[in-house]
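Worksheet: the structure to be examined is printed underneath.
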Amino acid sequence: MRTKPVNILGIETSCDETAAAIVADGKIVKSSVIASQNKLHEKYGGVVPEIASRAHIEKIYPVIAEAIAEAEATKDDIDAIAVANQPGLTIALVVGVTAAKALALAWDKPLIAINHLHAHLQSAMLTEENLQMPAVALIVSGGHTCLYDYRSPLEPQLLGFTIDDAAGEAFDKVANILKLPYPGGPAIEETAKKGNPIAINFPRSMLGPDSLDFSFSGIKTAVLYYCRGQDMKGDDKVDSMTSEEIADIAASFQAAVIDVLVKKTQRAAERFGAKTILLGGGVAANNELRSALQKMCDSTVPTKKLLIAPKQYCTDNAVMVASLGYHKFKAGLFADLTLEPKASG
Ligand code: KG4
Ligand code: ZN
């Protein structure tokens, strides 16, 4: 019987972070290296795919080499290479996928294909030994907002998703309207601390009483019209607003988005009789969202256990990729060298 730990090298390049990590047995983080491209995309207020791809090409091998060095490992200690191949920007994903395939071929290691969103879910499971089922999971990131019926790391079933903007995208776009720095999520959260969350009643789109889908483009437009006049026919008022007014907009926007996320998650939890709720993705780093979801889990009957990704594993990282890779390794779910990146997931 095997007693040696299973070490997976995880590689992540789906958007604007080049990341590599080595994780043992799906839980023990031996190394985690992330090269963020925030500085490169800052002046555009969003990720520019061509710039992201070039930066991944520049960073991918140094980041992998650093992850191996930080883990004090050699190639012989690595059991398999897991790589996020979908969803994401294809010209970004292709860099990680090509690197993973090259290493798998050169080192004669198995290759494992990872769905980036399922990996975000896994980051909420990192420290959990005994998941109480049924479980419902919410993933809120820059590109996606999804609810899942979560039965195991390998088979989350999609229940609902955004029909337009993702929650993180709305944070980034509203930050842009308010002339706050990129990425918008942390900037809105910080600004909102000084604002009144009930100052402005921004719309909360629930898409009907049964829907588990999301829509955040309406609230983004509401903030835009609030700042630029109906149909953008007025002057841009942001430059002449006080910092209190801007803080009120940020706080009211954040409260409305969180309200929708929590109510939809509660709706899914009730429908499936969930005992556990999982939360992951970049927006899961938001303290107000973390505590609003905790409050919902504590106050509904029966109470629910909330598993939230540790903050450092909310935004994109390779630990979540390597951790999910372990479960696929155990299940014998390997990819071959024809693996391709895919935009959708
Ligand atoms: O998961 P992630 O790193 O990338 C994608 O897979 O898209 O998520 C990035 C998103 C960005 O939109 C960013 O603004 C948002 O997560 N974000 C936050 C916070 N930290 C990051 N949103 C709200 N509050 C935060 N503290
Ligand atoms: Zn992500």
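The values are calculated or read from the model by the stated rules, or taken from the named source; none is laboratory data. As the structure is a computational prediction, the values presented were derived from the model and not from experiment. Please note: Cβ atoms are built from the backbone with ideal geometry, for glycine as well, and neighbour counts cover all protein chains shown. Accessible surface is based on the protein model in full, side chains and every heavy atom, while ligands, DNA and RNA are left aside. Shrake-Rupley method; radii C 1.70, N 1.55, O 1.52, S 1.80 Å.
Pairs under 8 Å by beta carbon, first residue more than 25 Å from ASP164 (Cα to Cα) in the range 126-146, partner among the β-branched types (Val, Ile, Thr) and within 14 Å of ligand 2 (Cβ to nearest atom), six or more apart or different chains?
LEU126/VAL319
Do we find that GLU190 is modelled with pLDDT of 95 or more, within 22 Å of the chain's Cα centre (by Cα) and surrounded by fewer than 17 Cβ atoms within 10 Å (Cβ to Cβ) in this structure?
It is true that GLU190 is modelled with pLDDT of 95 or more, within 22 Å of the chain's Cα centre (by Cα) and surrounded by fewer than 17 Cβ atoms within 10 Å (Cβ to Cβ).
Six or more apart or on different chains, Cβ atoms under 6 Å: show the pairs whose first residue is in the range 79-95 and among the acidic types (Asp, Glu) and whose second is open to solvent by less than 30 Å² (accessible area, probe 1.4 Å).
From the range 79-95, the pairs are ASP79/VAL6; ASP79/ASN7.
Looking at GLY45, is it of a type in the set (Gly, Ala, Ser) and at pLDDT below 95? Full working, then the answer.
Values: of a type in the set (Gly, Ala, Ser): yes; at pLDDT below 95: yes.
It is true that GLY45 is of a type in the set (Gly, Ala, Ser) and at pLDDT below 95.
In the set ALA285, ALA322, which member is in contact (Cβ under 8 Å) with a residue 40 or more places away in the chain, open to solvent by less than 40 Å² (accessible area, probe 1.4 Å) and touching a strand residue (DSSP E or B) at 6+ places or on another chain (Cβ under 6 Å)? It would help to see each step written out before you state the result.
Numbers: ALA285 fails: touching a strand residue (DSSP E or B) at 6+ places or on another chain (Cβ under 6 Å).
Checking each option against the conditions leaves just ALA322.
Would you check if LYS173 is open to solvent by 30 Å² or more (accessible area, probe 1.4 Å) and under 17 Å from the mean Cα position of the chain (by Cα)?
Against the criterion (open to solvent by 30 Å² or more (accessible area, probe 1.4 Å) and under 17 Å from the mean Cα position of the chain (by Cα)), LYS173 qualifies.
Since GLU12 meets every condition but one in (1) over 16 Å from the mean Cα position of the chain (by Cα); (2) surrounded by 20 or more Cβ atoms within 10 Å (Cβ to Cβ), which condition does it not meet?
(1) is the only condition that GLU12 fails.
Within the group LYS295, LYS342, LYS264, LYS328, which residue is farther than 22 Å from PRO197 by Cα, more than 12 Å from ligand 1 (Cβ to nearest atom) and not in a loop (DSSP other than H, G, I, E, B)? So that I can check it myself, show each step before the final result.
Working: LYS295 fails: farther than 22 Å from PRO197 by Cα; LYS342 fails: not in a loop (DSSP other than H, G, I, E, B); LYS264 fails: farther than 22 Å from PRO197 by Cα.
Only one candidate passes the filter, namely LYS328.
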